[in-house]
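Take a look at the structure below.
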Amino acid sequence: MLKKVLPLCLALLAGTTALADEVEIRKGMEAKLGAKVDSVSKSGYLGLYEVYAEGNILYTDEKMTVILAGAQLIDAKTMKNMTEERLKKLTAIKFSDLPLERAIKQVRGDGKRVLATFEDPNCGFCKRLAKDLAKLDNVTIYTFLYPILSEDSVRKSKQIWCAADRARSWNDWMIDGKAPPAKDDCDTTAVSKNQDFGRKLNITGTPTIFFADGERVPGAMPLARIEQKLGTVK
């Protein structure tokens, strides 16, 4: 009987100890970083713990004697970037949680492939992305106006939102450089709500892309990779 019970007790004790360590590390790292820590877990490498805070992954040892910031953990056997893989999981969302009624909707072809973007109208990388997305077919694109660069970005976002044809106004500006109509006196609460929502998602740069499976891609993404990703999402 003891032979069966002892391993189980040891396993439970190890699990309890690991959980206690994670709690202590969370408290200690929050004190050191001056920021909320979202999660702490064992990385599975070199006895390091993975600390996820404010959209970033850091690593530390059990006693928090060192903190590795900006480090990339690469599995030497598979050469897979484990930090990148973990960030994909930790930053993913439920696509259905996006407030799509506050986005500019464009449907091309059968519209079966879906993605959403958060963009600033004065963002150069966003303008490059807009030109690439214009080449996509059989897709539905939801563009959230997310002005974070300047007051002019806020003004242009409101003007685009107030346009009779929002999608056309957006594309005219982002692709052709044609300024949106000067009118911005409609209900523009969608813009401010997008700003609040984006901050909750820790979106700190534009463009940020979300695919239907919830994967987040910060920054501009080459058209070929967008096509590839859209082809794998069911």
Tell me, which residue of the stretch 74-95 that is surrounded by 12 or more Cβ atoms within 10 Å (Cβ to Cβ) and over 20 Å from Tyr49 (Cβ atoms) is farthest from the chain's Cα centre (by Cα)?
-> Phe95
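Considering the stretch 161-203 alone, what residues qualify as being within 26 Å of Phe95 (Cα to Cα), of a type in the set (Lys, Arg) and in contact (Cβ under 8 Å) with a residue 12 or more places away in the chain? Spell out the reasoning first.
Initially, the stretch 161-203 is screened for residues within 26 Å of Phe95 (Cα to Cα), giving 161-162, 165-171, 174, 187-203.
Still in the running and of a type in the set (Lys, Arg): 166, 168, 193, 199-200.
The answer is Arg166, Lys193.
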Residue list for the stretch 31-82, restricted to those being within 24 Å of Val217 (Cβ to Cβ), among the hydroxyl-bearing types (Ser, Thr, Tyr) and assigned to a strand (DSSP E or B) | Ser39, Ser41, Tyr52, Tyr59
Looking at (1) free of Cβ contacts under 8 Å to residues at least 24 places away in the same chain; (2) in the same structural domain as Gly177 (by TED's automatic domain parsing), find the lone condition where Lys105 falls short.
-> (1)
Conditions (1) assigned to a strand (DSSP E or B); (2) at pLDDT 95 or above; (3) small (Gly, Ala, Ser): number failed by Ser96 = (1)
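For the stretch 104-122, indicate whether the set of residues that are more than 23 Å from Phe211 (Cβ to Cβ) and within 21 Å of the chain's Cα centre (by Cα) is non-empty. Before the answer, list the steps.
In the first step, residues of the stretch 104-122 are kept if they are more than 23 Å from Phe211 (Cβ to Cβ); the result is 122.
Those still in the list that are within 21 Å of the chain's Cα centre (by Cα) too: 122.
Checking the stretch 104-122: at least one residue is more than 23 Å from Phe211 (Cβ to Cβ) and within 21 Å of the chain's Cα centre (by Cα).
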Among the candidates Leu115, Leu129, Leu133, Leu90, single out the residue that is at pLDDT below 95 and either farther than 18 Å from Gln228 by Cβ or not assigned by TED's automatic domain parsing to the domain that holds Gly44 (or both).
-> Leu90
For the stretch 29-48, pairs from a residue that is within 11 Å of Tyr59 (Cβ to Cβ) to a residue that is of a type in the set (A, V, I, L, M), with Cβ under 6 Å and 6 or more apart or across chains, are Met29/Val37; Met29/Val51; Val40/Ile25; Val40/Val51; Tyr45/Leu73
Which of the residues spanning the stretch 97-119 are surrounded by 14 or more Cβ atoms within 10 Å (Cβ to Cβ) and either in contact with a Gly (Cβ under 9 Å, 6 or more places away or on another chain) or on the phi > 0 side of the Ramachandran plot (or both)?
-> Gly111, Arg113, Phe118
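Here's the yes/no breakdown for (1) among the acidic types (Asp, Glu); (2) within 17 Å of Pro218 (Cβ to Cβ):
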residue: Lys94; (1), (2): no, no
residue: Glu101; (1), (2): yes, no
residue: Gly111; (1), (2): no, no
residue: Ala116; (1), (2): no, yes
residue: Thr140; (1), (2): no, no
residue: Arg155; (1), (2): no, no
residue: Gln159; (1), (2): no, no
residue: Ser192; (1), (2): no, no
Wholly enclosed strands (runs of 3 or more DSSP E) of the stretch 105-221 bearing at least 1 residues of a type in the set (Ser, Thr, Tyr) = 113-119, 139-145, 208-211
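The values are calculated or read from the model by the stated rules, or taken from the named source; none is laboratory data. None of the values given here were measured: they were computed from a predicted structure. Cβ sites come from the backbone with ideal geometry, for glycine too, and all protein chains shown count toward neighbours.
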